[in-house]
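Report on the structure given below.
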Amino acid sequence: MYIQGKYLLGGLQDISECLKIREEVFGGEQGFLSAAGEDADDKEAIFALAYETEKKEMPDGTVEETLLPVGTGRLIFLGDTYKIGRIAVKKEFRGKKYGDFIVRMLVDKAFSMGAKEVFVGAQKHAIPFYEKIGFIALNEEYFEDEIYHKVMKIMPMTCKRDCGKH
């Protein structure tokens, strides 16, 4: 078993697997309805989709690969601001570094597109997760669907473990 990821361009490619994961995590688990469904930003976003990949040798000697979508997130560009969000990992796959993988994919994509910093609105329970990657909490905070969020940012010099090579 190993992790595999791909980028999808909202508005140009099928993002239904991403939306299913968001619905399950934000809608089903958290009751966070505004994050669960498709919104206007999805049409312009770059998505990261993580898979748990398993290779199985068949009796005839061929190898069959099974891709199971387990997590997603998106990157949006707002004027001069790069923002990641809607990071969601299915409950049964948490604790396996999929969230870390998705965030690093999106941060790396933003830096490769010229971002000097990338922002995220972190739910309170997720602040330590983002800090481990190198995000720094700012003084801005807000409530969305009655859930506390803290604005955080990352720059190449604060990124931990290789996401700031650009």
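The values are calculated or read from the model by the stated rules, or taken from the named source; none is laboratory data. Values in this document were obtained by computation on a predicted structure and should not be read as measured data. Methodologically, a virtual Cβ is constructed for each residue, glycine included, from the backbone with ideal geometry; neighbour enumeration extends over all protein chains shown. Only protein heavy atoms, including side chains, enter the accessible area calculation; ligands, DNA and RNA are left aside. Shrake-Rupley method; radii C 1.70, N 1.55, O 1.52, S 1.80 Å.
Before moving on, here are some points about what is shown:
- Total residues in region 1-35, condition more than 17 Å from residue 94 (Cα to Cα) and either exposed (fewer than 13 other Cβ atoms within 10 Å of the Cβ) or at pLDDT 90 or above (or both): 16
- Residue that is nearest to residue 99 (Cα to Cα), among those in region 111-128 that are aliphatic (A, V, I, L, M) and surrounded by fewer than 19 Cβ atoms within 10 Å (Cβ to Cβ): 126
- Filtered by the rule that a residue be part of a strand (DSSP E or B) and farther than 16 Å from residue 110 by Cβ, region 129-149 gives 137, 138, 139, 140, 141, 142, 143, 144, 147, 148, 149.
- In the set 52, 64, 57, 38, only one residue is open to solvent by 10 Å² or more (accessible area, probe 1.4 Å), over 30 Å from residue 146 (Cβ atoms), touching a helix residue (DSSP H, G or I) at 6+ places or on another chain (Cβ under 7 Å) and not β-branched (Val, Ile, Thr); that residue is 52.
- Residue 131 being under 17 Å from residue 75 (Cβ atoms), of a type in the set (Asp, Glu) and open to solvent by 40 Å² or more (accessible area, probe 1.4 Å): no
- Residue list for region 142-166, filter: in contact with a Lys or Arg (Cβ under 8 Å, 6 or more places away or on another chain), over 16 Å from residue 30 (Cα atoms) and at pLDDT 85 or above: 150, 155, 156
- The condition (being more than 16 Å from residue 21 (Cβ to Cβ) and either assigned to a strand (DSSP E or B) or open to solvent by less than 60 Å² (accessible area, probe 1.4 Å) (or both)) is satisfied by just one residue among 152, 105, 157: 152.
Conditions (1) part of a strand (DSSP E or B); (2) under 19 Å from residue 123 (Cα atoms), marked per residue:
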position: 6; (1), (2): yes, no
position: 13; (1), (2): no, no
position: 17; (1), (2): no, no
position: 21; (1), (2): no, yes
position: 52; (1), (2): yes, no
position: 67; (1), (2): yes, no
position: 71; (1), (2): yes, yes
